[in-house]
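The values are calculated or read from the model by the stated rules, or taken from the named source; none is laboratory data. Values in this document were obtained by computation on a predicted structure and should not be read as measured data. Positions of Cβ are backbone-derived with ideal geometry, glycine not excepted, and every protein chain shown enters the neighbour counts.
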Amino acid sequence: MTKNLFPSNFMWGGATAANQFEGGWNEGGKGVSTADMCLAGSRTTPKKLTKTILEGEYYPSHNGIDFYHRYKEDIKLFAEMGFKIFRMSIAWTRIFPNGDDVHPNEEGLQFYDEVFDELLKYGIEPLVTISHYEYPYHLSETINCWESRKMIDHYTRFAETVMNRYKNKVKYWLTLNEINAVSLESAGYVNGGMLNGDEDVVMEMKIEKEKLYQALHYMLVASAKAVKLGHAINPNFVMGNMIAYITYYPFSCHPDDVLETQRIDREVNLIAGDVQVRGEYPQFALNFFERNGFNLDITEDDLVFLKQGTIDMFTFSYYFTATMSTQEDAGEATGNFIVEGNQNPYLETSEWGWQIDAKGLRYTLNQVYGRYQLPMMVVENGLGAMDKIEEDGSIHDNYRIAYIQEHIKEMGAAISEDGVDLIGYTPWGCIDLVSASTGEMDKRYGFIYVDLDNFGKGTFDRYKKDSFTWYKQVIESNGTNL
Ligand code: BGP
């Protein structure tokens, strides 16, 4: 036993997203989402994205891991681990099947009523991402989602509808998942719902940077409007953002590397974060837009909305760090297609090229808290790994335990030694689910194993991994028994 580093009301839990685990894609009046159009292996490189649902092809979001039908069983397992909080998202197309429908779909609204009731029955606080990596596909086809300003109204109507409906059941809300990721070229479709306009079934992602930052702007305005609405609907709401926080280190102490690191940190993390916390673009963002010749549609009204919708809590996902250099001989590229930069020779790398860096989490928490002084939650973190299920149904995932253990230690240090106001931790994919980047099942994060393979074959049965028992004990001891 070590000393207690976490406050007694620290919120331990886990995180999921509807498009990656719910399934029931065409049940209960649900419409087709952007995620529903992706074949396995195609989530961020939608070359195989189809305009029609092809007979006999496997679309991982269609069944997900079938939370839609098994939520009672799953929530019971979360409760057994002692979850205080559970992060999930609402499938937009369950509520507004086409995105621009006149009335919401009552059956969809009822589904989440039941899920929230089930969570509350066990004393688990829902943490709801209003929109996580899926949009009504109809809006992609008609207005190209976040390429269009019209999306702001569609989103705010959806947000208002769900916040009103669940105002007595949900207190913690996140507006848009990994909002800053839309500016990364690999995420224009997955996070922006943007097609490239190609009429053909086969698409290449060639969305220009300007369009991506324009999309980010519209999303920031939509997020601010949702925050403002949320505060009006229930003053007790805690409204948060959600940033894919990518911490970069200078590859060397060469001042050019340091400046390069500062540049990318600003472009990737700080533009969105500053706007959501401070309600205005920092000067470096405006200079960046100008330097690149971006002619963005940013109106005076937008600037007012940004000011009125600043967040109460800063949340982010944290998986890896990267290094930046201006030198030609700075070593290998990250091996992680999501980020640019170089490998860090001091870190180990996951099977998917993500460099594991627990101390980097402590550093990141301090950076963010030092900049914004808001309560924070780490709402995604974890190790994607292949698991082996033994004949007796056990799964010995000591590598996952080691990963999370190290990250928890660093969070504890950030709280107790550095004074960071961290209020919760929801590791990603607390139950195995479909990977966002690969669209496959074998990149698993869960404490709970789901019998399902990359081709949709399996019983969907749930098994407790070794990490299940371990995490239960971590929560029970409030992070002292690691
Ligand atoms: C984040 C997303 C999640 C998620 C996670 C892990 O970027 O918000 O939806 O899946 O990353 O990524 P992956 O599934 O690609 O391993």
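Structure notes:
- Residue count for the stretch 209-232, restricted to those that are among the aliphatic types (A, V, I, L, M) and more than 22 Å from R278 (Cα to Cα): 0.
- Flag if E300 is of a type in the set (D, E) and within 12 Å of Y245 (Cβ to Cβ): no
- Consider the stretch 120-136 and keep the residues that are outside any strand (DSSP E or B) and surrounded by fewer than 23 Cβ atoms within 10 Å (Cβ to Cβ). The one that is nearest to the ligand (Cβ to nearest atom) is I124.
- Strands (runs of 3 or more DSSP E) enclosed by the stretch 364-482 - at least 1 residues per element that are β-branched (V, I, T): 376-380, 422-425, 448-450
- Residue check for I143: surrounded by fewer than 22 Cβ atoms within 10 Å (Cβ to Cβ), in contact with a helix residue (DSSP H, G or I) (Cβ under 6 Å, 6 or more places away or on another chain) and among the β-branched types (V, I, T): yes
- Unique match (being of a type in the set (S, T, N, Q) and modelled with pLDDT of 90 or more) among T16, T50: T16
- Qualifying positions in the stretch 436-461 - crowded, with 19+ Cβ neighbours inside 10 Å and not aromatic (F, W, Y): A436, S437, T438, G439, M441, K443, R444, G446, I448, V450, L452
- Test: residue in the stretch 351-367 that is of a type in the set (K, R) and within 25 Å of A215 (Cα to Cα): no
- Listing of helices (runs of 4 or more DSSP H) fully contained in the stretch 228-312 that carry 2 or more residues being hydrophobic (A, V, I, L, M, F, W, C), within 22 Å of the chain's Cα centre (by Cα) and closer than 18 Å to T175 by Cα: 271-278
- When L365, L361, L347 are checked against the criterion of being closer than 30 Å to C430 by Cβ, within 16 Å of the ligand (Cβ to nearest atom) and not hydroxyl-bearing (S, T, Y), L361 stands alone in meeting it.
A quick yes/no check of all residues on (1) modelled with pLDDT under 95; (2) closer than 28 Å to I53 by Cα:
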position: G82; (1), (2): no, no
position: A91; (1), (2): no, yes
position: D100; (1), (2): no, yes
position: E106; (1), (2): no, yes
position: Y112; (1), (2): no, yes
position: V115; (1), (2): no, no
position: I124; (1), (2): no, no
position: V128; (1), (2): no, no
position: Y137; (1), (2): yes, yes
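Listed here are the residues, each with its yes/no results for (1) in a loop (DSSP other than H, G, I, E, B); (2) in contact with a helix residue (DSSP H, G or I) (Cβ under 8 Å, 6 or more places away or on another chain); (3) of a type in the set (S, T, N, Q); (4) crowded, with 24+ Cβ neighbours inside 10 Å.
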site: I152; (1), (2), (3), (4): no, yes, no, no
site: T156; (1), (2), (3), (4): no, yes, yes, no
site: N164; (1), (2), (3), (4): no, yes, yes, no
site: K169; (1), (2), (3), (4): yes, yes, no, no
site: T175; (1), (2), (3), (4): no, yes, yes, yes
site: A181; (1), (2), (3), (4): no, yes, no, yes
site: Y189; (1), (2), (3), (4): yes, yes, no, yes
site: G192; (1), (2), (3), (4): yes, yes, no, yes
site: L195; (1), (2), (3), (4): yes, yes, no, no
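- Hits in the stretch 23-35 (condition: part of a loop (DSSP other than H, G, I, E, B) and within 19 Å of S437 (Cβ to Cβ)): T34
- Scan the stretch 386-405 for residues that are buried (at least 16 other Cβ atoms within 10 Å of the Cβ) and in contact with a helix residue (DSSP H, G or I) (Cβ under 6 Å, 6 or more places away or on another chain) and the total you get is 3.
- Subset of the stretch 433-479 that is of a type in the set (K, R) and in contact (Cβ under 8 Å) with a residue 60 or more places away in the chain - its residue that is farthest from the ligand (Cβ to nearest atom): K472
- Yes/no for T315 being touching a helix residue (DSSP H, G or I) at 6+ places or on another chain (Cβ under 9 Å), buried (at least 18 other Cβ atoms within 10 Å of the Cβ) and of a type in the set (S, T, Y): no
- Note on the stretch 404-428: residues that are within 19 Å of D357 (Cα to Cα) and either polar (S, T, N, Q) or within 16 Å of the ligand (Cβ to nearest atom) (or both) total 7.
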